[in-house]
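What follows is a short report on a single structure.
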Amino acid sequence: RARLLRAGVVDPLTGWNSRHYFLSRVREQVAASVRASKPATCLVIDVDDLGNLNERRGVAAGDAVLFEVGSIIEAQVRASDSFAHIGDDEFDVLLPATPPQFATRLAERILAAVRTAPIVIAPGRREVVRVSIGIAGLDPAALVAGTDRKATADEWLSRAQAALHQAKRAGGDRCVAS
């Protein structure tokens, strides 16, 4: 595990994959989607009001929420999916061979699972949290061989981020597809 941490593959706070690892997987997925002519979808998941929780209950409570929300997400995704703690209050999920409409079902399951799981932040203290989710699909028919994987991956993640921002502006605790 120490070697993986040094390599930047594992996030030291949560123990899940890191941003660095996830971004490399997204670029690989762009190429795989073009080769196999199969769609893929990315979810960007943000813990609503985590900063407020940190102020009210302390950073240790916020860290406990991140770990538990990550556990909830991990329980919902397939072994073939890539899942990472990107930083602060954000988790991303890469869903290979998955069109956005199927990813929306997963996002709704994640929302429901988080809503119904009060998180223990300290002995005898539970906190109910919510998440917002942005969804963006990758359509291989719109790509061609030789596509710039980094630029395509960046644009794909930007669309998922934009969808997340729409969900947040609409009050949070929801998913929005781009």
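The values are calculated or read from the model by the stated rules, or taken from the named source; none is laboratory data. This one's a predicted model, so the numbers in the text were calculated from it and none came from an experiment. Heads up, the Cβs are rebuilt from the backbone with ideal geometry, glycines too, and the neighbour counts pull from every protein chain shown. Accessible surface areas use protein heavy atoms only, side chains included; no ligands, DNA or RNA. Shrake-Rupley method; radii C 1.70, N 1.55, O 1.52, S 1.80 Å.
Put the Cα centre of the stretch 73-89 next to the Cα centre of the stretch 120-163 and the gap is 11 Å.
Going through the DSSP H helices of the chain, which span 20 Å or more along their own axis at the Cα atoms while scoring at least -0.5 as a mean Kyte-Doolittle hydropathy? Taking the DSSP H segments of the chain (at least 20 Å long, mean hydropathy at least -0.5), we get 19-36, 59-76, 100-115. Summarising the amide proton neighbourhood of residue 86: residues at separation of 5 or more, or on other chains, whose placed amide H is nearer than 5 Å comprise 91, 92.
Out of the total accessible area of the chain (probe 1.4 Å, heavy atoms of protein only), what percent is carbon and sulfur? So the carbon and sulfur contribution to the accessible surface is 52 percent. Taken about its Cα centre, the chain carries a charge dipole of roughly 340 debye when the Cβ of each Lys and Arg holds +1 and the Cβ of each Asp and Glu holds -1.
When the alpha-carbon atoms of the chain are used, the pair Rg, Dmax equals 16.3, 56 angstrom.
Computed from backbone phi with θ = phi - 60° and the Karplus coefficients 6.51, -1.76 and 1.60, the 3J(HN,Hα) list for the stretch 85-95 is 8, 7, x, 6, 10, 10, 10, 10, 10, 9, 10 Hz; x is used for glycine and proline. Residues whose amide H falls under 5 Å from that of residue 173, counting only those 5 or more places apart or on a different chain, are 131, 132, with hydrogens built in the peptide plane. A Förster distance of 25 Å, applied to the separation of the beta-carbon atoms of residue 74 and residue 105, puts the FRET efficiency at 0.90. Taking all protein chains into account, the per residue accessible area for the chain stands at 49 Å² (1.4 Å probe).
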